[in-house]
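Scroll down for the structure; my scribbles are underneath it.
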Amino acid sequence: MRLVGAVLAEEEDACSQHRVFRPESAGEAWSERPRRVPTALELQTAERRARDVVREALDRAGGRV
């Protein structure tokens, strides 16, 4: 999990350096919008994929955490 978190944090750092916001888009970000609730199938699929990613990362690391 730490490995996945570290990779995601590194990607976020790389992306955050290249962002350019227009005042209009910043205002849209703060506006309330209805959010779609994921279905049970979507949640199960996401959980399965997350487990696969962690399992693959552990396999590549030789099972060491």
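Within the stretch 33-41, does at least one residue satisfy the condition of being in a helix (DSSP H, G or I), surrounded by 10 or more Cβ atoms within 10 Å (Cβ to Cβ) and modelled with pLDDT of 85 or more? No, the stretch 33-41 contains no residue that is in a helix (DSSP H, G or I), surrounded by 10 or more Cβ atoms within 10 Å (Cβ to Cβ) and modelled with pLDDT of 85 or more. For the stretch 53-65, the candidate set comprises residues that are part of a helix (DSSP H, G or I) and over 15 Å from the mean Cα position of the chain (by Cα); within that set, the residue that is nearest to Val7 (Cα to Cα) is Ala57.
Answer with yes or no whether Ala6 is under 14 Å from the mean Cα position of the chain (by Cα), modelled with pLDDT of 80 or more, part of a helix (DSSP H, G or I) and surrounded by 10 or more Cβ atoms within 10 Å (Cβ to Cβ). So that I can check it myself, show each step before the final result.
Details: under 14 Å from the mean Cα position of the chain (by Cα): yes; modelled with pLDDT of 80 or more: yes; part of a helix (DSSP H, G or I): yes; surrounded by 10 or more Cβ atoms within 10 Å (Cβ to Cβ): yes.
Considered against the rule, which asks whether it is under 14 Å from the mean Cα position of the chain (by Cα), modelled with pLDDT of 80 or more, part of a helix (DSSP H, G or I) and surrounded by 10 or more Cβ atoms within 10 Å (Cβ to Cβ), Ala6 comes out as yes.
The values are calculated or read from the model by the stated rules, or taken from the named source; none is laboratory data. All figures in this text were calculated on a predicted structure; none of them were measured in a lab. Neighbour counts run over all protein chains shown; Cβ positions are idealised from the backbone, glycine included.
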